[in-house]
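Step one of this worksheet: look at the structure below.
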């Protein structure tokens with residue numbers, strides 16, 4: 001963990017690092033909770049970005065900074081936050097005012113503030129829990145609904161474009177000798193029955209029925 005402490009110190013913590021522990025159950029990025037010996041903000045999150053998934057991590061951080069700054073500004077000038085407490089992490093900057101740090105071996109790191117007493121869940125516990133998740137998602141969408149899409153970069157180009165996946169599936173299917181079974185037949189039929197739906201959202205976007213928005 002000594003190397004992690006060195007990396008954590010790149011983000012100008014207000015105190016000495018006294019504890020490092022792996023945090024959460026994410027399967028893409030590697031996350032650590034950093035504890036400091038300070039009376040102020042005692043914790044922050046340090047995260048190594050998986051550059052095999054996010055090939056342009058600088059764009060990821062640009063988006064994150066744009067969104068978090070936009071939300072903080074909205075919360076200062078909106079009544080949305082009066083009934084219930086709403087907090088958003090802040091992107092922490094390095095000693096040279098960058099929103100990420102690249103380790104000598106090429107690893108890409110970022111840091112964000114930690115919201116005390118917050119919890120992360122892998123599964124929904126009950127209906128009230130589901131309601132809270134819906135509230136949180138709705139609040140997030142409300143806070144970014146006026147954020148111009150041109151301020152955001154597409155960090156995983158084509159990731160949400162269903163017709164692209166269908167084309168790839170059809171290309172692979174045409175070149176593959178399939179061993180038939182009830183399970184395979186079911187899957188083939190499942191895709192075939194729904195293939196006409198694949199272009200619905202893209203067509204709606206092209207026709208102006210569905211506006212382009214951050215999600």
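This table checks each residue for (1) more than 16 Å from the chain's Cα centre (by Cα); (2) in a loop (DSSP other than H, G, I, E, B).
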residue: 9; (1), (2): yes, no
residue: 41; (1), (2): yes, yes
residue: 47; (1), (2): no, no
residue: 55; (1), (2): no, yes
residue: 71; (1), (2): no, no
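May I ask you to list the residues in the stretch 11-31 that are out of contact with any helix residue (DSSP H, G or I) (no Cβ under 6 Å at 6 or more places or on another chain) and not in a loop (DSSP other than H, G, I, E, B)?
11, 18, 19, 21, 22, 30, 31
Table: residues versus (1) exposed (fewer than 10 other Cβ atoms within 10 Å of the Cβ); (2) at pLDDT below 95; (3) farther than 14 Å from residue 70 by Cβ; (4) assigned by TED's automatic domain parsing to the domain that holds residue 74.
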residue	(1), (2), (3), (4)
122	yes, yes, yes, yes
127	yes, no, yes, yes
130	no, no, yes, yes
135	no, yes, yes, yes
139	no, yes, no, yes
143	no, yes, no, yes
147	no, no, no, yes
157	no, yes, yes, no
169	no, no, yes, no
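Among residues belonging to the stretch 76-103 that are touching a helix residue (DSSP H, G or I) at 6+ places or on another chain (Cβ under 7 Å) and farther than 23 Å from residue 29 by Cβ, point out the one that is surrounded by the fewest Cβ atoms within 10 Å (Cβ to Cβ).
Among those that are touching a helix residue (DSSP H, G or I) at 6+ places or on another chain (Cβ under 7 Å) and farther than 23 Å from residue 29 by Cβ, it is 80.
Restricting the first residue to the stretch 130-146 and requiring it to be free of Cβ contacts under 8 Å to residues at least 40 places away in the same chain, which pairs with a second residue that is assigned to a helix (DSSP H, G or I) meet a Cβ separation below 6 Å and a spacing of at least six or different chains?
none
Return the only residue of 163, 182 being modelled with pLDDT of 95 or more and surrounded by 10 or more Cβ atoms within 10 Å (Cβ to Cβ).
When all the criteria are applied, what remains is 163.
Identify, from the list 26, 62, the residue that is surrounded by 12 or more Cβ atoms within 10 Å (Cβ to Cβ) and either at positive phi or in contact (Cβ under 8 Å) with a residue 12 or more places away in the chain (or both).
On inspection, the qualifying residue turns out to be 62.
Regarding residue 202, is this residue farther than 30 Å from residue 86 by Cα and not in a helix (DSSP H, G or I)?
The answer is no for residue 202.
The values are calculated or read from the model by the stated rules, or taken from the named source; none is laboratory data. This structure is a prediction, so every number in the text was calculated from the model and none was measured. Neighbour counts are summed over all protein chains in view; Cβ atoms, including those assigned to glycine, are modelled from backbone coordinates with ideal geometry.
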